[in-house]
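Written below as structure tokens is the structure these notes are about.
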């Protein structure tokens, strides 16, 4: 909207154009949203003849612009400048707390929610089958790739109890370095075969209770389905704390506490899993901060016990590490 001439007539014209509650309501609605006449009628609850008359006046004075869309027109507030902008800002400020304007806002939100563009219409019909359809059309790997892309590319990650290297191989393309540790020579042999194409992967044989990794050497540590196999989970978590840099992240996934003793024996596990509070207590005992444990929804085809996810952060700095080492002597 062009700046009006600095004349009393121009100023009075601008003031007169806003000297009507319906026009103020229309401008407030059109300031941030393109709307059809019928939508405006529904929101302000006035007949089309009244709304159209006010829109014409606002259009003639440059407050409102429109564009064609199919068989109708879309209206929006024009950009005001100079005195017109100052006048509108003052008018809009005075409308704060106006009950009628709040009612308009609520009706507008309801009206906009009823709009159904093509994508919304598609998903409304496909919601029940979307997961299956998405997998058939695009596969399942892209979601994991998207999540892995959130990991900082400069990180060094320790995959503790790496097994056959499935997670190690997934991490290798997105981080600077992955150190995989496992006590089983057979597992490491399979992991070496799986990760042979990556030059940023190191596989080391060793126990989780005495990790073959230097203190403060990694940015994140993973323990996936490993703690139920060890006799002293607190010792393993203390080792994870040791190898992490200050502020480093710990992620643990293991079994939620269950009562399937036969399953435990069959899998060669030491324990029947962990309760969330127990998991968090173990992490705090190893000097981790922000420990949070939560059960994971069981997958449809999974036959084993449900799982538990723990995330935490390594506390302290160099001085704290020195103090802990001194305590052990």
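Which percentage, to the nearest 5, of the DSSP beta bridges contained in the chain is antiparallel? Please list the in-between numbers first.
Details: 21 of 42 bridges.
Counting only bridges with both partners in the chain, antiparallel ones make up about 50 percent.
Quick one: Cα convex hull volume of the chain, Å³ per residue?
Working: hull volume 85.1 nm³, N = 329.
Spelled out: Cα convex hull of the chain, divided by residues, is 259 Å³.
Helix-only mean residue ellipticity at 222 nm, the chain, DSSP H runs n ≥ 4 weighted -39,500 (n - 2.57), per residue, nearest 500. What is it? Numbers along the way, then the final one.
Working: 15 runs with 151 residues, N = 329.
Computed ellipticity for the chain at 222 nm equals -13500 deg cm²/dmol.
Enter the per residue convex hull volume of the range 8-114, computed from alpha-carbon coordinates, in Å³ rounded to the nearest integer.
Numbers: hull volume 10.5 nm³, N = 107.
Taking the convex hull of the Cα positions in the range 8-114, it is 99 Å³ per residue.
Rounding to the nearest 10 and keeping the result within 0 to 90°, find how far the Cα-based axis of helix 233-243 lies from the longest principal axis of the chain.
Between helix and principal axis, roughly 70 degrees.
Can you give the extra length, in nm with one decimal, that the chain gains between residue 272 and residue 258 once fully stretched, where that is 0.36 nm per residue apart less the Cα-Cα distance?
On the way: separation 14, 0.36 × 14 = 5.04 nm, distance 0.57 nm.
That pair, residue 272 and residue 258, stretches by 4.5 nm at full extension.
When the label point is put 7 Å from the Cα of residue 147 along its Cα-to-beta-carbon vector, which residues of the range 178-220 have a backbone N closer than 18 Å?
220
Report the extension gain between residue 12 and residue 48 in nm, rounded to one decimal, defined as 0.36 nm multiplied by the number of residues separating them, less their alpha carbon distance.
Working: separation 36, 0.36 × 36 = 12.96 nm, distance 2.75 nm.
Contour length minus the Cα-Cα distance gives 10.2 nm.
Please determine, in degrees from 0 to 90 and to the nearest 10, the orientation of helix 21-30 with respect to the longest principal axis defined by the Cα atoms of the chain, where the helix direction is its Cα long axis.
Once rounded, the angle reads 40 degrees.
Hey, any idea what the orientation-averaged projected area of the convex hull of the range 129-263's Cα atoms comes to, in nm²? Please report the intermediate quantities before stating the final value.
Numbers: hull surface 42.0 nm².
Average of the hull's projected areas for the range 129-263 equals 10.5 nm².
Rounded to the nearest 10 degrees, what's the angle between the helix 185-194 long axis and the longest principal axis of the chain, both from Cα atoms, 0 to 90?
Tilt relative to the chain: about 40 degrees.
Readers should treat all values here as calculations from the given coordinates under stated rules, not as data from a laboratory. Computed from a prediction, not measured in an experiment: that's the story for all the values here. Positions of Cβ are generated from backbone atoms using ideal geometry, with glycine treated the same way; all protein chains shown enter the neighbour counts.
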